[in-house]
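Quick notes on the structure that follows.
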Amino acid sequence: QLGLRGIVTAALDARLLMQFAADMRHEEIVAEPDLILAPDLAQRFWSFVARRCASEPVSRIVGSREFYGREFKVTPAVLDPRADTETLIAAALPLARGKCRILDLGTGSGAIIVTLLAERPEASGVASDASEAALGVARVNAEAQGVSARLRLLRADWFDGIEGRFDLIVSNPPYIASAEIAGLAIDVRGFDPLAALDGGVDGLGAYRRIAAGAPGYLMPKGHVLVEIGAGQEGDVRRLFEAQGLVSGGQAFDLGGHVRCLAFGQP
């Protein structure tokens, strides 16, 4: 059924949905290929298949997503973490040294800040989001990964209410132009929260806020890293450089697009 719907990951999706429906690991399914599910579990599985056929992402159905080797809870309140965002993690880790302080703006599920704190046990962080529901998800993920004692979560609109300075500021802000939202794939526009996608008329609204505020919150020699959409490199770079920040490099995603830009104090 999934294959007939044109879902290229049909076999993988079916297995993941079966694992979730039956509460079994992949190894258990391989070891017992002839196992017959109880009727209630079979019905549960087929309900998941129907949802996937209606374009709902597997991560939304099972309520979790693997990101940088860890499992993160996802709900309708947060953006589904994508593999492209791991590009930002890889770029940020060499800059997160020792007892650094990290600020994550628009944290959503907390995938970025929680991953950085898990990878850097001496670091501490602050994460903000305008959504209380999103912060609740980030809190659960922080606790699950054992970093909640080093993370402060704040309900805030970008820098509003943030205090202190940071060695590293990171963000995956909304960057889709408002008029382009309707043309996104249904598994994106139908299931990710609009606030996490809509970057305003030109898709650059959040970058203007971050660029304007970052210099006042960075420590000397501090850095700010942002994820960007395809083709936004020049515009975003100009916004940050106009605030006196110096370009510190770029990182490419698996598709060959510039996915992350870094800027630093001069």
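The values are calculated or read from the model by the stated rules, or taken from the named source; none is laboratory data. Note that the coordinates shown come from a computational prediction; the quantities given were computed from them, not determined experimentally. Cβ coordinates were reconstructed from backbone atoms using ideal geometry, including for glycine residues, and neighbour counts include every protein chain displayed. Side chains are part of the model used for accessible areas, which takes the heavy atoms of the whole protein and leaves out ligands, DNA and RNA. Shrake-Rupley method; radii C 1.70, N 1.55, O 1.52, S 1.80 Å.
Condition (residue is among the basic types (Lys, Arg), at pLDDT 95 or above, loosely packed, with under 14 Cβ neighbours inside 10 Å and more than 29 Å from His257 (Cα to Cα)) applied to segment 77-99: is it met by at least one residue?
Yes: segment 77-99 contains one or more residues that are among the basic types (Lys, Arg), at pLDDT 95 or above, loosely packed, with under 14 Cβ neighbours inside 10 Å and more than 29 Å from His257 (Cα to Cα).
Could you list, in sequence order, the residues of segment 137-148 that are in a helix (DSSP H, G or I) and touching a strand residue (DSSP E or B) at 6+ places or on another chain (Cβ under 9 Å)?
Answer for segment 137-148, where residues must be in a helix (DSSP H, G or I) and touching a strand residue (DSSP E or B) at 6+ places or on another chain (Cβ under 9 Å): Val137, Ala138, Arg139, Val140, Asn141, Ala142, Ala144.
Is it fair to say Asp167 is within 15 Å of the chain's Cα centre (by Cα), assigned to a strand (DSSP E or B) and touching a residue at least 60 places away in the same chain (Cβ under 8 Å)?
Judged against the criteria, Asp167 is not a match.
Take segment 228-264 and flag every residue that is under 20 Å from Leu218 (Cα atoms), in contact (Cβ under 8 Å) with a residue 60 or more places away in the chain and open to solvent by less than 20 Å² (accessible area, probe 1.4 Å).
Once the filter is applied, which keeps residues that are under 20 Å from Leu218 (Cα atoms), in contact (Cβ under 8 Å) with a residue 60 or more places away in the chain and open to solvent by less than 20 Å² (accessible area, probe 1.4 Å), segment 228-264 yields Cys260, Ala262.
Among the residues that make up segment 36-50, is at least one of them touching a residue at least 40 places away in the same chain (Cβ under 8 Å) and in contact with a Lys or Arg (Cβ under 7 Å, 6 or more places away or on another chain)?
No, segment 36-50 has no match at all.
Going by the structure shown, is Ala21 in contact with a Cys (Cβ under 9 Å, 6 or more places away or on another chain) and assigned to a helix (DSSP H, G or I)?
Details: in contact with a Cys (Cβ under 9 Å, 6 or more places away or on another chain): no; assigned to a helix (DSSP H, G or I): yes.
No; evaluated as a whole, the condition is false for this residue.
Check Asp129, Asp104 and return the single one that is buried (at least 23 other Cβ atoms within 10 Å of the Cβ), free of Cβ contacts under 8 Å to residues at least 40 places away in the same chain and either among the β-branched types (Val, Ile, Thr) or under 22 Å from Leu194 (Cβ atoms) (or both).
On the way: Asp104 fails: free of Cβ contacts under 8 Å to residues at least 40 places away in the same chain.
Exactly one of Asp129, Asp104 is buried (at least 23 other Cβ atoms within 10 Å of the Cβ), free of Cβ contacts under 8 Å to residues at least 40 places away in the same chain and either among the β-branched types (Val, Ile, Thr) or under 22 Å from Leu194 (Cβ atoms) (or both), namely Asp129.
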